[in-house]
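What follows is a single structure, written as structure tokens, with notes after it.
The values are calculated or read from the model by the stated rules, or taken from the named source; none is laboratory data. Keep in mind that this is a model prediction, so the values were computed, not measured. FYI the Cβ positions are ideal-geometry reconstructions off the backbone, even for glycines, and counts take in every protein chain you see. Heavy atoms of the whole protein, side chains included, go into the accessibility calculation; ligands, DNA and RNA do not. Shrake-Rupley method; radii C 1.70, N 1.55, O 1.52, S 1.80 Å.
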Amino acid sequence: MLQFLGIGGAFSVDLGNTSAFYKKENELFLLDCGEDVFGNILKNHLLEGVTKINILITHFHSDHVGSLGTLVFYCDASNLEEINIVFPNREKLVELIRQFGIQNCNINIYTPKEFARLKIKEYRQEHDVIEAYGYIIKLDGKTIYYSGDTKSLPDEVFALLIKGKIDYFFQDVRLKQNPYHLSLEELESKIPFNLRKQINCMHFVSEAEINEVTEHGFSRVRRFESEEKNGNIKSSK
Ligand SMILES: [Zn+2]
Ligand SMILES: [Zn+2]
């Protein structure tokens, strides 16, 4: 299922920008593309054999879109068959693409509703002043909730969680109260104790924060380790 290139917040260089991916055959599905994501994609050879890339963006903070321009430029120069970018606000995405100077690349822009390949439902989130979205995504028969960055938990998503309709639940969290993310205390007040293990927390500041979150009964995401990094790569060369 989803794997994570990074699990950290904007300033947590050691943990990497929170970003998830799913690779199947010749298709790469990417959730967010922060500053270090392009580099991590190349280092992990994730584009090998890929002819179609689908990039779903939660919001335009640079720890979520910082290397989007370079990734798209690279994919276009590599003659990928399809570069699809999905975001609910088409005009804002077009403007971002223009700001990145990649408007001449061969890009398809979709809102979640228009993107027929995957079933994606967006939820407008609460994230300081920025327009941010969380998503329910159907991927390979599984239902995933990906919060993005948010201070809120949509009622509809919570109802689905309670009914056991969400297979994988990913939630950003922060120890202290702040205008950007649910604090651990807020998350505890919302999620019944017996369901905490099902909440995979992400977007951490530090290892100490990760420990505190897991001590309170929540799960955590882990960074993807490529086979090559583990020394298990098949000697195909
Ligand atoms: Zn962020
Ligand atoms: Zn953010």
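Let me know the shape class of the range 1-67, please: from the alpha-carbon gyration tensor, a ≥ b ≥ c as square roots of the eigenvalues, rounded when a/c is under 1.5, otherwise prolate if a/b is greater than b/c, or oblate.
It is prolate, given that a/c is not under 1.5 and a/b is the larger ratio.
Leaving ligands and nucleic acids out of the surface, order L160, L2 by accessible area at 1.4 Å, largest first.
L160, L2
Among the DSSP beta bridges whose two residues both lie in the chain, what percent are antiparallel, rounded to the nearest 5?
Approximately 45 percent, going by the DSSP bridge assignments.
Accessible area per residue of the range 108-193 at 1.4 Å probe, in Å²?
Here the per-residue accessible area is 49 Å².
I need the fraction of alpha carbon pairs in the chain separated by more than 21 Å, rounded to a whole percent.
Roughly 55 percent, rounded to a whole number.
Only Lys, Arg, Asp and Glu count, each charged at its Cβ (+1, +1, -1, -1), so figure out the dipole size of the range 1-147 about its Cα centre, rounded to 20 debye.
That gives the range 1-147 a dipole magnitude of about 500 debye.
What spacing in nm lies between the two simple spin-label points modelled at N104 and E215, each 7 Å away from Cα in the Cβ direction?
Once both label points are built, they end up 5.6 nm from each other.
Please name which of N194, V173, I41 has its Cα lying farthest along the dipole of the chain towards the positive end, using unit charges on Cβ (Lys, Arg +1; Asp, Glu -1) and the Cα centre as origin.
The residue sitting most towards the positive pole is N194.
Nearest 20 debye, what's the magnitude of the dipole of the range 57-107 about its Cα centre given +1 on Lys and Arg Cβ and -1 on Asp and Glu Cβ?
Dipole magnitude for the range 57-107 comes out near 140 debye.
Just how far, in whole angstrom, is the range 55-88 from the range 147-212 if you go by their alpha carbon centroids?
Here the two parts' Cα centres lie 26 Å apart.
Taking only C-alpha pairs under 8 Å that are 6+ residues apart, what is the relative contact order of the range 3-220 in percent?
Once divided by the residue count of the range 3-220, the mean separation gives 14 percent.
For the range 29-99, with every protein chain kept in place, what is the accessible area per residue (1.4 Å probe, Å²)?
38
Note down the nm distance, to one decimal, between modelled labels 7 Å out along Cα→Cβ at E225 and at K52.
The answer from the label model is 3.3 nm.
Of the accessible area of the range 3-220, with the probe set at 1.4 angstrom, what percent is carbon plus sulfur?
49
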